[in-house]
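Only one structure is covered here, and it is reproduced in the block below.
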Amino acid sequence: MAETAFFLSDYLGQQEFEGHISSEGCRAILSLASASVKIAALSRQNGLGEHLGAVLGGENADGDEQKALDVAADELIEEALRTASVAAYLSEEREGAVMLSDKGTLLVACDPLDGSSNIDTNLTVGTIFSLLPFDGSTLLMPGDMQIASGFFAYGPQTTLLLTVGNGVEAFCLDGTGDYRRMDWQVAIPRTTSEFAINASNSRHWQTAVSDYISDLLAGKTGPRGKNFNMRWAGSLVADAFRIFRRGGIFLYPSDQRDGYEQGRLRLVYEAHPIAFLVEQAGGVAYDGQIRILEITPDELHQRVPLIFGSSDEVDLLCKGA
Ligand code: AHG
Ligand code: MN
Ligand code: MN
């Protein structure tokens, strides 16, 4: 029997009925989905009157130069969240929290456009989001407090990987502009022969990472006794999507470059949401020692080393398993 069409709104209604998420949470996710459809459409206009990779001259709080699509995506997300009962919007592209509704019960943290270095190269970029409870007292909390998280990937398909704490569901934008559930039981395989790391940084790595990667590169005749493959997309969402599909280990470790003592990726709107999804799909995510979801940020744009993926492989590096 053909898989009955099952749209994002149907899934969220079912999860709300089963008590996994509130109606406010559903509205926030649907508003993010509506913004993602606009971001996907805009990204397809690059070079056709739009110059989305253009550097606008500003910098975000992390010192990254802002590109046109970073800013456009950020504005589309803020506009969409104003239609939902969200208390505050925490964005990679904003210095501090953007207060939205004083009746809001949720925080939404976002990397509006992940993979900005790939904007003009027609490679997959995306939007990463995290939903957190807001009681008026704090904006910063451990990743285990997340209500939901996910990421949109703008590539050959426009997809959404989403968790509300009850496993991970995959959706794809169909011809009608709606997110339809994919026929894919999302689960990260426990073992892998594929790793993702920016190897151009190898001279800056800590010894533990250098030794680990050397063992992988030694292949069949080395200590691991098997050959490994390497992929590095330069977009966290693209590397993550591949790992959800076929397993792998992703590493953006701390390194000895100035400013990279805590790696490059940000805890609140990259590592926390990805780690929640990864654990819900049977994988693991650490900063090298500590489980990412146990870490409480000291400030909104704090960086964290991020190693995640197939549990046997990640534990071998991080837990000496
Ligand atoms: P962003 O574009 O939001 O700054 O994120 C880019 C991140 C992440 O997507 C990717 O894995 C990593 O930066 C790539 O870093 P390098 O360019 O140092 O390889
Ligand atoms: Mn990013
Ligand atoms: Mn970004």
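The values are calculated or read from the model by the stated rules, or taken from the named source; none is laboratory data. Computed from a predicted model, the values in this text were never measured in an experiment. Quick reminder, even Gly has a Cβ in these numbers, built from the backbone with ideal geometry, and neighbours come from all protein chains shown. Quick note on the areas: whole protein, heavy atoms, side chains included, nothing else; ligands and nucleic acids left out. Shrake-Rupley method; radii C 1.70, N 1.55, O 1.52, S 1.80 Å.
Structure notes:
- Its residues counted as N, segment 8-181 yields a C-alpha radius of gyration over 2.2 N^0.38 Å of 1.01.
- Those lysines that a straight Cα-Cα span of less than 18 Å connects to LYS38, excepting residues fewer than 8 apart in one chain: LYS67
- Exposed GluC sites (Glu not before Pro) absent: longest stretch of the chain, with sites in DSSP loops and at most 12 other Cβ within 10 Å deemed exposed: 96-260
- Separation between Cα centres of segment 114-145 and segment 146-191, rounded to whole Å: 15
- Those trypsin sites (Lys or Arg not before Pro) in segment 15-105 that DSSP places in a loop and that have at most 11 other beta carbons within 10 Å: LYS103
- Proximity of backbone amide H atoms, modeled 1.01 Å from N, is registered between GLU194 and ASN229, ILE249 at under 5 Å, excluding neighbours fewer than 5 places apart on the same chain.
- For segment 194-319, the Cα gyration tensor yields ellipsoid semi-axes of 22, 17, 13 Å (square root of five times each eigenvalue, largest first, whole Å).
- Excluding same-chain neighbours fewer than eight residues apart, the lysines reachable from LYS319 by a Cα-Cα span under 25 Å are LYS220, LYS226.
- Note on SER214 and SER9: with the Förster distance fixed at 56 Å, the Cβ-Cβ geometry gives a FRET efficiency of about 0.70.
- Ratio Rg/Rh [Cα only; Rh per Kirkwood] for segment 276-321: 0.99
- Selected from MET99, ALA281, MET141, residue furthest toward positive end of dipole (the chain; charges at beta carbon): ALA281
- A 1.4 Å probe, protein heavy atoms only, puts the accessible area of THR176 near 110 Å².
- PHE7 accessible area, 1.4 Å probe, all protein chains in place, Å² to nearest 10: 50
- Between the Cα long axis of helix 8-17 and the first principal axis of the chain there is an angle of about 90°, rounded to the nearest 10.
- Taking amide hydrogens as placed 1.01 Å from N in the peptide plane, the amide H of GLY126 sits under 5 Å from those of ASP114, TYR154, each at least 5 positions away in sequence or on another chain.
- Considering only the chain, percent of DSSP beta bridges that pair antiparallel, nearest 5: 80
- Packing-based order for 204-215, 109-120, using average beta carbon neighbours within 10 Å, highest first: 109-120, 204-215
- What you get for segment 214-274, charging only the Cβ of Lys and Arg (+1) and of Asp and Glu (-1), is a dipole of about 440 debye around the Cα centre.
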